[in-house]
Every structure is written in C-alpha cells, then in structure tokens.
1. Of all the residues that make up segment 60-78, how many are in contact with a Lys or Arg (Cβ under 9 Å, 6 or more places away or on another chain) and either in a loop (DSSP other than H, G, I, E, B) or acidic (D, E) (or both)?
2. Residues of segment 51-110 being more than 13 Å from the chain's Cα centre (by Cα) and small (G, A, S), which ones?
3. For A74, work out the one condition from (1) at pLDDT 95 or above; (2) exposed (fewer than 13 other Cβ atoms within 10 Å of the Cβ); (3) touching a helix residue (DSSP H, G or I) at 6+ places or on another chain (Cβ under 8 Å) it doesn't fulfil.
4. Which residues, counting only those in segment 22-44, are under 9 Å from the mean Cα position of the chain (by Cα) and exposed (fewer than 14 other Cβ atoms within 10 Å of the Cβ)?
5. Just to verify a result, which residue in segment 52-71, among those that are closer than 21 Å to F29 by Cβ and not hydrophobic (A, V, I, L, M, F, W, C), is surrounded by the most Cβ atoms within 10 Å (Cβ to Cβ)?
6. Select from segment 77-110 the residues that are of a type in the set (A, V, I, L, M) and surrounded by fewer than 18 Cβ atoms within 10 Å (Cβ to Cβ) and write down the one among them that is nearest to Y31 (Cα to Cα).
7. Inside segment 88-110, can you point out the residues that are aliphatic (A, V, I, L, M) and outside any loop (DSSP other than H, G, I, E, B)?
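The values are calculated or read from the model by the stated rules, or taken from the named source; none is laboratory data. Computed from a predicted structure; not experimentally measured. Here Cβ is always computed from backbone atoms with ideal geometry, including for glycine, and neighbour counts include all displayed protein chains.
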Amino acid sequence: MEEKAEIDNQQVMGLNADLATSKALVPKFKYDGGHPGKFNRDFPVVQAAYGLTRVYEWEDDKVLTEEEERKNNAAMLVLRQYLTEKVLRIILVGRPTRASKVYRMLDTIF
C-alpha cells in the first residue's frame, strides 16, 4: 500500500517524473525581443526540461567532445525554437555555433 501511495503522490516535475510528462509541461512561447523578464523566467524551465542548462553556461573556448557537440546542437535547436525570426536574424549574425555564446548575446542585446 505504501508503494502505491508513493507513486500517486509523485511530483509531476520531480526527479521521478517521466521525460515525456516533463517535456509536455514545458512553457511554449516565441520570444520577440520584448519583455526580457518573461524570457528570463521561462527559458530556464525549458533548459532544465531538456537537460541543457549547463550547455548554456559553457565557455566559448571550451573544446567539445562528440557528446558535447550533440548537446550543443540540441541547445541551438531549442534556442531557435523559442526565438522569432527577427530575433534570430539579430543574434545569429556571424553564424555563431556555440549555444552558450548565442545565449549570452541574447542576454546582452535584449
């Protein structure tokens, strides 16, 4: 009986939540450059749901392993999904390849 109660009381976004449930609860929005507070509040939730929080903190000169390259590519795809075309045109000038650099530029510009 205790085991069933533990499963029923499981937090949706807790450590034991399944990945599909967690990703379904991720905020959905497109950042257009306005209201940076909303972006700063909601995007860390997105980062955590995809397990990419640390990727956005990497140094620009960090040498990436193959696995880190995959994570960086995933982080770039997530960023692109949450930014409007207008913001992407501004942020992606010079074609940066590091998600951490793009994220810092986004924070600096907006």
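1. Selection size over segment 60-78: 4.
2. The one that is more than 13 Å from the chain's Cα centre (by Cα) and small (G, A, S): G94.
3. (2)
4. P44
5. First pass over segment 52-71, keeping only residues closer than 21 Å to F29 by Cβ: 52-53, 55-56.
Next, from what is left, pick out any that are not hydrophobic (A, V, I, L, M, F, W, C): 53, 56.
Working: T53: 13, Y56: 22.
Out of the qualifying residues, it is Y56.
6. Residue satisfying both the conditions and the ranking: L88.
7. Those that are aliphatic (A, V, I, L, M) and outside any loop (DSSP other than H, G, I, E, B): L88, I90, I91, A99, V102, M105, L106, I109.
Residue-wise test of (1) touching a residue at least 24 places away in the same chain (Cβ under 8 Å); (2) hydrophobic (A, V, I, L, M, F, W, C).
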{"site": "R41", "(1), (2)": "no, no"}
{"site": "Q47", "(1), (2)": "yes, no"}
{"site": "Y50", "(1), (2)": "yes, no"}
{"site": "Y56", "(1), (2)": "yes, no"}
{"site": "D61", "(1), (2)": "no, no"}
{"site": "E68", "(1), (2)": "no, no"}
{"site": "N72", "(1), (2)": "yes, no"}
{"site": "V78", "(1), (2)": "yes, yes"}
